[in-house]
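The structure under discussion appears below in the form of C-alpha cells.
The values are calculated or read from the model by the stated rules, or taken from the named source; none is laboratory data. All of these numbers come straight from a predicted model, not from anything done at the bench. As a convention, Cβ positions derive from the backbone with ideal geometry for all residues, glycine included, and neighbour counts pool all protein chains shown. Heads up: the accessible areas ignore ligands, DNA and RNA and are worked out on the full protein's heavy atoms, side chains in. Shrake-Rupley method; radii C 1.70, N 1.55, O 1.52, S 1.80 Å.
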Amino acid sequence: MPKFCANLTMLWNEIDFLDRFGKAAEAGFTGVEYLFPYPYEKDALAAKLATHKLTQVLHNLPAGDWAAGERGIACLPGREGEFQDSVGKGIDYAKALGTKALNCLVGLTPKDVPAEKVHETLVKNLKFAAAELKKAGIPFVVEAINTRDIPGFHLNNTRQTLAVLDEVGADDIFFQYDIYHMQIMEGDLTPTIRANIARIKHIQLADNPGRGEPGTGEINYPFLFKAIDDTGYDGWIGCEYKPKTTTDEGIGWFAPYKG
C-alpha cells in the first residue's frame, strides 16, 4: 500500500503552520512535506516532528525570491554562487530534520538568454547539487511543473526532465513525479509511471481540474494507487492538493489508505 504524507503548505491553511503537524498526525499521516522550512528555526520544526512522531519526507531547496515570483534559480545564468549556497542551506536543514529527499525547483526560463547557456547552467548546477547531496547521504529529486499554473517553468514534462537527468549523469538524482502536473502536460499516467518507476523517488498528487483532493476530478485515483503499488514502489506520495472546502471535510478519501 502506498505511503502518503501530508503537504503542510497546502493542507490546513486555516491554522498556523506549526499547528499543522498535529493535525496531520491526528488525520493518520505518518509523514509530512512542505515547500520550504527556512522561515522557521530548525529546532522548532524538529520538535514538532518528534512530538507527533512524523517523518520529514521532503522539502525544496531554497528557490530564490518567491514573493517576487521566482520559482527556483538553477537554470539562471549568473546565479551559480547563490545556487551553491542554497544547496548548503538545504542540506543543513535536511540533516537537522532527517529529511528523506530534497527537491530542486529549477526555475522559470530566463528571457533574452541563449537556450544553450540556460541548459549549460542548469546541468552544471544540478551536477553540483547531486554531488553535494550524495556526500550528505540525501537523495536528490527534480520535478517538472505544468505551464498553466506556472507559465515559463523550465522543466514541464517527463521526457524533458529525464533527458536533463541523463545529462547530469549522477547515480543518485531522481525524478519527482507530480501526478497533477503530468496529467495536465502529458496524461498517460499509468504507463509513464510504470515505464519510469526506477527513476522516480517521490510522487505527489492532486486531482484535475482544480487541483483538489482525490475524487474531485477526472483522475481515477483508486486505479492509479493500485498501479503504483503493483510496481513495487516503496516511496512516499505527497498530498499536495488544495482542499475544495476545508482539509478536514475533504480528507475522507484517505481513510482506506491509513497505515
Quiz item: Arg159 versus Lys226, label points 7 Å from Cα toward the beta carbon: distance in nm?
Solution: 3.0 nm
Exercise. Tell me the label-point distance for the pair Ala67, Glu80, using the 7 Å Cα-to-Cβ offset, in nm and rounded to one decimal.
Key: 3.0 nm
Quiz item: Between Ala195 and Thr246, how many nm apart are label points set 7 Å from Cα along the C-beta direction?
Solution: 4.4 nm
Quiz item: Where the centre of each part is set by its Cα atoms, how far does the stretch 176-239 sit from the stretch 21-45, in angstrom?
Solution: 23 Å
Quiz prompt | In Å², nearest 10: area of Asp178 left accessible to a 1.4 Å probe | solution = 0 Å²
Quiz item: Nearest 20 debye, what's the magnitude of the dipole of the stretch 193-259 about its Cα centre given +1 on Lys and Arg Cβ and -1 on Asp and Glu Cβ?
Solution: 220 debye
Self-check item: Amide proton proximity set for Phe174, modelled H, under 5 Å, gap of 5+
Solution: Phe140, Val141, Val142
Self-check item: Spin-label zone in the stretch 8-46 - amide nitrogen under 19 Å from a point set 7 Å from the Cα of Lys53 along the C-beta vector
Solution: 20-33, 46
Quiz item: Among Lys3/Lys117; Lys89/Lys244; Lys3/Lys134; Lys48/Lys100; Lys23/Lys95, which pairs are too far apart, with a Cα-Cα distance over 28 Å?
Solution: Lys3/Lys117; Lys89/Lys244
Exercise. List every residue whose amide H lies under 5 Å from the amide H of Lys3, counting only residues 5 or more places away in sequence or on a different chain, with H placed 1.01 Å from N in the peptide plane.
Key: Ile237
Quiz item: Around Thr9, which amide H atoms from residues at least 5 apart in sequence, or from another chain, sit under 5 Å from its own amide H, with H modelled in the peptide plane?
Solution: Leu35
Quiz item: What Rg and what Dmax come out for the stretch 194-259 when only alpha-carbon atoms are used, in angstroms?
Solution: 12.4, 36
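Give, as a single signed number, the net charge of other residues whose beta carbon lies under 14 Å from the beta carbon of Thr147, with Lys and Arg counted +1 and Asp and Glu -1.
On the way: positive: Arg71, Arg148; negative: Glu143, Asp149, Asp178, Glu186.
Net local charge, Thr147 excluded: -2.
Residues of the stretch 94-241: accessible area per residue at 1.4 Å, in Å²?
Heavy-atom SASA per residue in the stretch 94-241 reads 42 Å².
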Exercise. Note down the accessible area of Glu80, probe 1.4 Å, to the nearest 10 Å².
Key: 40 Å²
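Carbon and sulfur together cover what percent of the accessible area of the chain at a 1.4 Å probe radius?
Values: 5620 of 11160 Å².
Its accessible area is 50 percent carbon and sulfur atoms.
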Quiz item: What per residue convex hull volume, in Å³, comes out for the stretch 104-175 when only alpha-carbon positions are used?
Solution: 78 Å³
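In Å², and per residue, what accessible area does the stretch 23-83 have when probed at 1.4 Å with the other protein chains present?
Values: 2570 Å² over 61 residues.
Accessible area per residue, the stretch 23-83: 42 Å².
For the chain, what does -39500 (n - 2.57) per DSSP helix run (n ≥ 4), summed and divided by total residues, give at 222 nm, in deg cm²/dmol to the nearest 500?
Taken over the chain, the calculation gives -11500 deg cm²/dmol.
Projected area of the stretch 62-155, taken from the Cα convex hull and averaged over every viewing direction, in nm²? Could you put the intermediate results ahead of the total?
Details: hull surface 24.2 nm².
With the hull built on Cα positions only, its mean projection is 6.1 nm².
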Exercise. For the stretch 74-91, take each phi angle, set θ = phi - 60°, evaluate the Karplus expression 6.51 cos²θ - 1.76 cosθ + 1.60, and give the result in whole Hz per residue in order, putting x for glycine and proline.
Key: 5, 9, 9, x, x, 10, 4, x, 5, 5, 4, 5, 5, 5, x, 5, x, 5
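Quick check: residue separation of Asn13 and Tyr257 times 0.36 nm, minus the Cα distance between them. What number comes out in nm? Mind showing how you got there, number by number?
Numbers: separation 244, 0.36 × 244 = 87.84 nm, distance 2.26 nm.
Here the segment from Asn13 to Tyr257 would lengthen by 85.6 nm.
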Quiz item: In the full protein assembly as shown, how much of Arg194 is accessible to a 1.4 Å probe, in Å² to the nearest 10?
Solution: 130 Å²
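Hey, how much of the P(r) for the chain falls beyond 35 Å, as a percent of Cα pairs?
Values: 3385 of 33411 pairs.
The share of Cα pairs beyond 35 Å in the chain comes to 10 percent.
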